Amino acid sequence: GKRRGRDRGGLRCAAAPEGSMAISSRATNFEAAFARLMPDCDVLEVAGRRGWRGVAGTLPLPDEGLGDLADPGGLVELPRPVVAATRYVEGNHRWIVASMSGDLGVAFVDTTADINEDPVKLLLTHPNASCAVGVDMFASEGLAAMACEDGSLLVYNVSGAEPLPLAAKAADPCGLRGGAFRPHAPHQIVTIGAEPGAQLKVWDLRSRGGEPVLVLGDSRSQPFSCMHVRDTDVYDVVCGTDGGAVVRWDLRGGRTTPTAAFKQHDSEVCAVQSLELRRVLSAGMDGKVVLGEEVPGGATAHGVMELPGPVVDLHYEPAGRRMVAAERLGAIAYCPFDERRF
């Protein structure tokens, strides 16, 4: 059940297949928009909002994965709520790159900073007043990409003392919902559109022209809501849509329509993660986390968990066989999960 009354940070109920489910929640007023499991340790990297301000940092999972998440000073306060985030590793430092609402730009938060250091190393403001709804890093090259609400794609080199603008493209006049670098190709970025007839586009930073090198999708496409580019497959991109569908694209460009499309949710898909064996984890506004398995002629959906409120983010860690999901109402669900057992 959950606590009643003013405190809405209590335990939420859920179920998991063939295993125990641990639900972590907070007595503090923190709502995560981004949650990732750190490899080989029981620590979460999170970003979101606390009241009218943003927060980003790390939180240890409670003992045995059950109970309230404590904040032992691991969260850094930001000027505005976080709407999108990513993470990366540089040497001995771990970073969260958090885009804030409004026109305040993107904050680079060092989650490994010493107690006497300022963890916010860089506050990158935009040349326009548009919010970045998608951020990504190509850490080895020091490149940051931002997909903005107004349809612009901005790329910076942040490896030096000052951020260096590299590119600014009018990627989509109807606005963007996400952007990500292609694995092993720091010069190529994938973007997704936000309106009916939305397109998936691939941009090459080496190109002097203003046109994408690949365009997928047509006038029948639903507005995209999220995307995932797999590190282990340079051609595989999976997107969620406003209508609850999951679509898979092949960037080799042999066809302009999806290689697979199947409905996994009753409403908007908020997060997707492509797995091995043509399987996809997705989370939606309907409060469900679903594992979809592509089969001839469609897909089979396996329910993984259901939460009382919209699930805005998820992360599956294959090495540790565990998953975390962030609910808009404030809970964070954590559970052991092995997609190979379905």
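The values are calculated or read from the model by the stated rules, or taken from the named source; none is laboratory data. Because the structure is a prediction, the values reported are computed rather than measured. Glycine also receives a Cβ, built like all others from the backbone with ideal geometry; neighbour counts cover every protein chain displayed. Only protein heavy atoms, including side chains, enter the accessible area calculation; ligands, DNA and RNA are left aside. Shrake-Rupley method; radii C 1.70, N 1.55, O 1.52, S 1.80 Å.
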- Net lengthening on full extension, Ala185/Glu77 (0.36 nm per residue, minus Cα-Cα): 35.5 nm
- Query: How many lysine pairs are close in the chain, with Cα atoms under 29 Å apart and the two 8 or more places apart or on different chains?
  - Reply: 6
- Around Thr241, which amide H atoms from residues at least 5 apart in sequence, or from another chain, sit under 5 Å from its own amide H, with H modelled in the peptide plane? Ser225, Val269
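Do you know the relative contact order of the chain, to the nearest whole percent, from alpha carbon pairs under 8 angstrom that are 6+ apart? Don't jump to the answer; show the numbers that get you there.
Working: 978 pairs, mean separation 45.4, N = 342.
For the chain, the relative contact order is 13 percent.
Report in % the part of the accessible area of the chain that belongs to carbon and sulfur, leaving out ligands and nucleic acids; probe 1.4 Å.
Numbers: 7400 of 15080 Å².
About 49 percent, which is the carbon plus sulfur part of the accessible surface.
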- Message: Test of understanding: given the chain, find the longest segment containing no GluC sites (Glu not before Pro) that are in a DSSP loop and have at most 16 other Cβ atoms within 10 Å.
- Response: 118-275
- Note: the chain, point scatterers on Cα, Debye, no solvent; log10 I/I(0) at q = 0.06 Å⁻¹ equals -0.20
- Message: Please list, in order along segment 159-173, the HN-Hα scalar couplings obtained from phi with the Karplus expression 6.51 cos²θ - 1.76 cosθ + 1.60 (θ = phi - 60°), rounded to whole Hz, x for Gly and Pro.
- Response: 7, x, 5, 10, x, 10, x, 10, 7, 9, 10, 7, 6, 7, x
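For segment 223-296, what ratio Rg/Rh do Cα atoms give with a Kirkwood hydrodynamic radius?
On the way: Rg = 11.4 Å, Rh = 12.1 Å.
My calculation puts Rg/Rh at 0.94.
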- Note on the structure: Ala283 neighbourhood, Cβ < 12 Å, K/R = +1, D/E = -1, net charge -3
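How long is the gain from Ala161 to Asp40 if the chain were fully straight, where each residue apart is worth 0.36 nm and the alpha carbon distance is subtracted? Present the calculation step by step, with values, prior to reporting the outcome.
Details: separation 121, 0.36 × 121 = 43.56 nm, distance 3.19 nm.
Result: 40.4 nm gained on full extension.
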- Note on the structure: Rounded to one decimal in nm, the spacing of the 7 Å Cα→Cβ label points at Thr257 and Ser207 is 2.4
